[in-house]
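Each reported figure results from applying straightforward, stated rules to the coordinates on display, with no laboratory input. Quantities reported herein were computed from a predicted structural model and do not represent experimental measurements. We place every Cβ from the backbone using ideal geometry, glycine too, and count neighbours over all the protein chains shown.
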Amino acid sequence: MKRWRCPNCDAVHCARPEGFLAGMQYPVKIQETSIEAKLSGMPFLKCIPRQIQQHWWKAFITRCREESNWTDRLEFYKGC
């Protein structure tokens with residue numbers, strides 16, 4: 001992702017492609033695939049580091065607990 005530092009406010013701005021959540025370096029589709037695999041009892045995807053996928057999984061579980069929504073993955077992604 002391309003990043004720029006503003007000379008006026010000294011903040012960093014980035015040009016994030018469509019389909020990426022804020023602060024994430026992987027597209028939403030890959031995150032959904034990883035979480036769906038975990039929900040169906042399969043192991044994490046081999047093409048992405050396990051630690052990153054664990055972060056997504058823990059965020060998903062935390063968000064589901066906050067929203068009292070354990071089944072609808074689309075609701076999880078709408079709130080982000």
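Observations on the model:
- In this simple spin-label model, placing a label point 7 Å from the Cα along the Cα-to-Cβ direction at both residue 46 and residue 12 gives a separation of 3.4 nm.
- Label sites at residue 21 and residue 4, each approximated as a point 7 angstrom past Cα along Cα to Cβ, lie 2.7 nm apart.
- Positive minus negative residues near residue 44 (Lys, Arg vs Asp, Glu; Cβ under 9 Å): +3
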